[in-house]
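Remarks on the structure that follows.
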Amino acid sequence: MKKEKYFTQENREGKISEWKEILAQFYSSKREFNFDIQKAALLIVDMQEFFLNPKSHAYLPAAEVIIDPIKRLQKEFKKNNRLVIFTKYGLNIDSKESTIMDKWWGDSLKISDPLAEIDERFEVKDAVVLEKSTYDCFKDTSLHDLLIENNCKQIVIAGVATHLCCETTARSAFCYDFEVFLPIDSLATYTEELHLNTLKAASHGFGIPITSNELLERKNDG
């Protein structure tokens, strides 16, 4: 599938406005959820060289525009001493078993590959880094325990790819009884169609569509 540069610095404000109008049709009948950063964790999904390095075959052009909004969210969570978690996707090179990810994607990214590293534009020193081998950030990781230990009732999910790891994780988080916030300007994927289709489904049933600025403005609503 050809990857689109559907989200750019030049069209950013226009796209956000357009998406908000579309998503309001799916979310308008839901009750308003308050965001309280003191009850929240920030999950930054797979912002790795694999997806952010233009030399990688998995490079997502639209992801360049979400870096700054995510960094602003991270800064605010750190300022409030709240949990920030980065995930790293990759398969264990020592594993002898073929997984469904291998079968689906062919030669999948290995966790030992330099491209599996978090993009250097992010500061990970004070954050938790979780390795994972599939779309769902909860599967075979300590994510759920970390959220409970840190008294989290809400989770903000940002990163890539909107329709794969982010959507799968958002659905799981909802089923684990967390309120899920999806900053629409802090998620990216292959095409605008895939991005919007996920956000439409989430807005209808399991995730709260919001912008990163709106989250920061409302961080103490709870």
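I148 falls short on exactly one of the conditions (1) aliphatic (A, V, I, L, M); (2) over 19 Å from H57 (Cα atoms); (3) surrounded by fewer than 18 Cβ atoms within 10 Å (Cβ to Cβ); (4) in contact with a Ser or Thr (Cβ under 8 Å, 6 or more places away or on another chain), and that condition is (4). A41 falls short of the stated requirement of being touching a His at 6+ places or on another chain (Cβ under 9 Å), within 20 Å of D185 (Cα to Cα), surrounded by 22 or more Cβ atoms within 10 Å (Cβ to Cβ) and modelled with pLDDT of 95 or more. Only a single item in (1) touching a residue at least 12 places away in the same chain (Cβ under 8 Å); (2) over 12 Å from I16 (Cα atoms) is not met by T211, and it is number (2). Only residues that are more than 17 Å from the chain's Cα centre (by Cα) and closer than 21 Å to S108 by Cα were counted across the range 8-66, and they come to 5. Taking the residues in the range 123-145 that are in a helix (DSSP H, G or I) and not aliphatic (A, V, I, L, M) as candidates, determine which candidate is nearest to the chain's Cα centre (by Cα). Applying the filter and picking the extreme gives H144.
Across the range 50-77, the qualifying residues are those that are small (G, A, S) and out of contact with any Lys or Arg (no Cβ under 8 Å at 6 or more places or on another chain), and the one among them that is nearest to R218 (Cα to Cα) is A63. Scoring L196 on the criteria (1) of a type in the set (A, V, I, L, M, F, W, C); (2) part of a loop (DSSP other than H, G, I, E, B); (3) over 26 Å from T99 (Cα atoms) leaves a single failure, condition (2). Taking first residues from the range 53-70 that are touching a residue at least 12 places away in the same chain (Cβ under 8 Å) and partners that are of a type in the set (D, E), the Cβ contacts under 6 Å between residues at least 6 apart in sequence or on separate chains come to P69/D185.
Residue-level check: of (1) over 25 Å from V65 (Cα atoms); (2) under 14 Å from the mean Cα position of the chain (by Cα), G205 misses just (2).
The values are calculated or read from the model by the stated rules, or taken from the named source; none is laboratory data. Keep in mind that what you see is a predicted model, and the values were worked out from it rather than measured. Neighbour counts run over all protein chains shown; Cβ positions are idealised from the backbone, glycine included.
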